[in-house]
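A.B. asks: First, the structure itself, so that you have it in front of you.
The values are calculated or read from the model by the stated rules, or taken from the named source; none is laboratory data. Everything quoted here is computed from the prediction, not taken from an experiment. No Cβ is skipped: glycine too gets one built from the backbone with ideal geometry, and neighbour counts run over all protein chains shown. For accessibility, only protein heavy atoms count, side chains too; no ligands or nucleic acids. Shrake-Rupley method; radii C 1.70, N 1.55, O 1.52, S 1.80 Å.
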Amino acid sequence: MSFWRSAGFWINVLLVAIGGAVVLLIHQDTLRETVFTILMFVILASSLNIIMGLTGYVNFGHIVFFGLGGYFGFFLLSQLGWPLYLCMIAGGALSVVIALVVGAAVLRLRGAYFALATIGINEAARAFVANFAPFGGATGLYVNFSAYNAYGGSSKALWWIFTLLWIVTIITVVVCYLVKHSRFGLGLIAIREDEDAAMVMGVKTPWAKTAAFALSAFFPALVGTLYFFKNGNVEPEDAFRFQLSLEILVMVMLGGKGYVLGPIIGALAYERLRGVLLVSPLFKNLHLALSGAILLLIVLFMPGGLVGWVRDRLPRLRRWLE
Amino acid sequence: MILQVKNVSKQFGGLQALNDVSFELSEGRILGLIGPNGAGKTTLFNTINGVFAPTQGQIVFRGEDVTGQPAYNMARRGLARAHQVVRPLSDLTVHENVMVGACFGREGLGLRQAARRAEEALSRVGLIERAEQPAGSLNVAQKKRLEMARALAAQPYLILLDEVLAGLNPSEITAMMATIRAIREQGATIFMIEHVMQAIMSISDHIIVLDYGSLIASGPPQEVANNQKVIEAYLGDPRLTERLMAE
Ligand SMILES: Nc1ncnc2c1ncn2[C@@H]1O[C@H](COP(=O)(O)OP(=O)(O)OP(=O)(O)O)[C@@H](O)[C@H]1O
Ligand SMILES: [Mg+2]
């Protein structure tokens, strides 16, 4: 593997690495909050891209892994007092286990049936957590303020959380790049293009799909744990936002599914776009309608997203935009 | 024996697509499979390479019972296939398509070796100039060759070719026949379905004939061509009679 010699690799990594580093240098709270949201979107969209962009399975319920993994991580943190990084990893591990179990069942479905099932999974997870006493039921969980003291007070803790999120983003992007350019990734793309033909050529499709699903489930759990810790609480309505799940999907499509750069650009563009439109009184309440409309326009006129569009028009840029 | 098919039947609802089919194929040979449209030829391939399990009967590949094994296991055991209805991975380049065959076939090569193997396979089928083109942009004849290259890149023991000559012009047929012979020279066994009679008669060591799911004849090309049952089966199919007459 000679990924470090590839221009496409460095563009992806440096984009998120420099973006986060600048925020740490400037050290300003509002900027940090904005970039926190963008990086969170980048991780969620990039991980969704593994199952949706590479493998071709449209997942409307990706947020489930953010919700369940985050809930579990936050539970360990707030109720059992585990250190933050351990909570993140434990949340990620739970997410992976759930994806393995659910994936083995649901990934037998193809096309629209799989997509429909993923909507069901999100609703089922929300209903389960809302009735699960150890997770605080419908009211959720809170963290004691003293938890932030371990990080030198709540202000320092927020910077620390941001730094961790930044590192997770870089790791996510690197992993996505490596997966796409691996033998495993080639198998996933073969499944996306023609699952039956992939099988005949020897791709162990049930295993590969489940592995891709499990990998895509890991990163959202890390974000979830960090996000809930930042907020100081978690509740079912916040953890399993179907609307956010849909927006992540729009980001992947907007940036370009199947490209590592796609979800990064998509997350950035969508966050900016949403920011502009949310302050406009006309669009404020049409938020969901708007993401739906964007999705429709992309599917119809720009199926390769922004990255695909540029690659088609400027073939010379292809090796930079992977 | 590289392949033994024992009393294989396959039903689709009320349709008996294969009816108690048995035959054997020994290593290094070219076996031809002919029969009228809808006779069950492609279905036979599907049961052999695990696209679906036979309703009854047994498939033995290289001495092991592989009945009901999924297609990906068959590929890894050294069985490769070129489809009758081409199935390119359209968004991938021609080269990447063939790499999939090399990566997940018998040898399970790593990416770098697979890239080299794919180039070799593409040269052999005469598609190397198109390596970097998206597979979806090829024409039908080229896609047939792509199917062939993907199967070759897997370095299989046995290769199933489902009408790889269909839709090719005479000079393309000659080239493809030479490729098939070369593959055999390198030690692979070939089992091929073909409607181009002249071609299959000249290239096969042995021919079997399916009609309505049953094996009605088996023997050397000359013998099969003069078999009364075979002639009747084909006379029942006007399109094929025409083709036979034409040759
Ligand atoms: N998956 C399937 N489900 C239902 N019926 C099928 C299926 N596959 C094939 N058949 C039926 O089985 C019979 C044999 O089809 P098959 O494709 O094996 O014929 P063939 O000999 O390859 O014909 P051709 O020369 O036209 O390719 C046909 O009647 C076909 O309609
Ligand atoms: Mg057929």
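A.B. asks: From the cross-link list A:LYS156/A:LYS180; A:LYS204/A:LYS257; A:LYS257/B:LYS144; B:LYS41/B:LYS144; A:LYS209/A:LYS257; A:LYS204/B:LYS10, which pairs have alpha carbons spaced over 27 Å apart?
C.D. replies: Over 27 Å Cα-Cα: A:LYS156/A:LYS180; A:LYS257/B:LYS144.
A.B. asks: A further question follows. How tilted is helix B:94-104 with respect to the longest principal axis of chain B? Cα atoms for both, answer in degrees (0 to 90, nearest 10).
C.D. replies: Taking Cα atoms only, the helix is inclined about 70 degrees.
A.B. asks: For chain B, give the share of DSSP beta bridges that are antiparallel, in percent and rounded to the nearest 5; count only bridges with both residues there.
C.D. replies: DSSP beta bridges in chain B are roughly 55 percent antiparallel.
A.B. asks: State the percentage of accessible surface on region A:2-317 attributable to carbon and sulfur atoms; use a 1.4 Å probe and exclude ligands, DNA and RNA.
C.D. replies: The value for region A:2-317 is 71 percent carbon and sulfur by accessible area.
A.B. asks: Return the inverse of the average 1/r over all pairs of distinct C-alpha atoms in region B:55-176, which is the Kirkwood hydrodynamic radius, in Å to one decimal.
C.D. replies: 14.7
A.B. asks: Give me the number: length gained by fully extending A:TRP309 to A:ALA112, i.e. 0.36 nm times residue separation minus the C-alpha to C-alpha distance, one decimal in nm.
C.D. replies: Computed gain between A:TRP309 and A:ALA112 is 68.4 nm.
A.B. asks: Stick to Cα atoms and the Kirkwood definition of Rh, then tell me Rg/Rh for region A:87-166.
C.D. replies: With Rg and the Kirkwood Rh in hand, the quotient comes to 1.11.
A.B. asks: If you roll a 1.4 Å probe over the heavy atoms of the protein chains, what accessible area per residue do you get for chain B, in Å²?
C.D. replies: 42
A.B. asks: Follow-up question, since we're still on this one. Rounded to the nearest Å, what's the spacing between the alpha carbon centres of region A:1-74 and region B:139-187? Just the number, please.
C.D. replies: Between the Cα centres of region A:1-74 and region B:139-187 lies a distance of 45 Å.
A.B. asks: With runs of 4+ DSSP H residues as the only contributors, calculate the mean residue ellipticity of chain B at 222 nm using -39,500 (n - 2.57) per run, divided by the residue total and rounded to the nearest 500.
C.D. replies: -12000 deg cm²/dmol
A.B. asks: Suppose every K and R has +1 on its Cβ and every D and E has -1 on its Cβ; what is the size of the dipole of chain B about the Cα centre, in Debye to the nearest 20?
C.D. replies: The dipole magnitude comes to about 520 debye.
A.B. asks: Now a separate question. Around A:GLY202, which amide H atoms from residues at least 5 apart in sequence, or from another chain, sit under 5 Å from its own amide H, with H modelled in the peptide plane?
C.D. replies: Here the answer is none, since no amide H 5 or more places off falls under 5 Å of that of A:GLY202.
A.B. asks: Can you give me the Cα centroid spacing of region A:223-300 and region B:93-125 in angstrom?
C.D. replies: Taking the Cα centre of each part, region A:223-300 and region B:93-125 sit 39 Å apart.
A.B. asks: Find the accessible area per residue for chain A; the probe is 1.4 Å, ligands and nucleic acids are left out, and the unit is Å².
C.D. replies: 42
A.B. asks: Further question: Which whole number of Å³ per residue matches the convex hull of the alpha-carbon atoms in region B:87-156?
C.D. replies: Looking at region B:87-156, the number lands at 69 Å³ per residue.
A.B. asks: Taking a cut-off of 19 Å, what percent of all Cα-Cα pairs in region B:132-195 are separated by more than that?
C.D. replies: Across region B:132-195, Cα pairs with separations above 19 Å total 29 percent.
A.B. asks: Semi-axes of the equivalent ellipsoid of chain B: what are they in whole Å, largest first, if each equals the square root of 5 times a C-alpha gyration tensor eigenvalue?
C.D. replies: Over the Cα atoms of chain B, the semi-axes work out to 29, 22, 16 Å.
A.B. asks: Run through the DSSP bridge list for the protein assembly as shown and note the antiparallel percent, rounded to the nearest 5.
C.D. replies: Here the antiparallel bridges make up roughly 55 percent for the protein assembly as shown.
A.B. asks: I need the Debye-formula profile for region B:165-230: one equal scatterer per C-alpha, no solvent, reported as log10 I(q)/I(0) at q = 0.13, 0.25 1/Å, two decimals.
C.D. replies: Reported log10 I(q)/I(0), two decimals: -0.40, -1.14.
A.B. asks: Using a 1.4 Å probe and counting only protein heavy atoms, how much accessible surface gets buried when B and A come together, both sides summed, in Å² to the nearest 100?
C.D. replies: 2000
A.B. asks: Between A:ILE171 and B:SER218, how many nm apart are label points set 7 Å from Cα along the C-beta direction?
C.D. replies: Computed distance between label sites A:ILE171 and B:SER218 equals 6.0 nm.
A.B. asks: Also, I was wondering about something else. If you consider only alpha-carbon coordinates, what radius of gyration and Dmax does region A:246-314 have, in Å?
C.D. replies: Calculated on Cα positions, Rg and Dmax stand at 12.0, 38 Å.
A.B. asks: Take A:ALA104 and A:ILE119, extend 7 Å from each Cα along the Cα→Cβ direction, and tell me the distance between the two endpoints in nm.
C.D. replies: If labels sit at A:ALA104 and A:ILE119, their model points lie 2.8 nm apart.
A.B. asks: Taking a spot 7 Å from the Cα of B:ASP20 along the direction of its beta carbon, which residues of region B:41-58 have an amide N less than 20 Å from it?
C.D. replies: B:41, B:44, B:54-58
A.B. asks: Roughly speaking, what % of Cα-Cα pairs in region A:2-317 are separated by over 37 Å, rounded to a whole number?
C.D. replies: 12
A.B. asks: Same structure again: Taking a quarter of the surface of the Cα convex hull of the protein assembly as shown, what do you get in nm²?
C.D. replies: Mean orientational projected area (the protein assembly as shown, Cα hull): 29.8 nm².
A.B. asks: Each label point is 7 Å from the Cα along the Cα-to-Cβ direction; what then is the distance between the points at B:ASN7 and B:ALA182, in nm?
C.D. replies: Taking the simple label geometry, B:ASN7 and B:ALA182 are separated by 4.4 nm.
A.B. asks: Sorted from largest down, give the three principal axis spans of the alpha carbons of region A:74-221, whole angstrom values.
C.D. replies: Answer, in whole Å and largest first: 58, 35, 20 Å.
A.B. asks: Something else about it: If R0 is 22 Å, what FRET efficiency do you get for B:GLU172 and B:GLU132 from their C-beta distance, rounded to 0.05?
C.D. replies: Once the sixth-power term is evaluated, E becomes 0.50.
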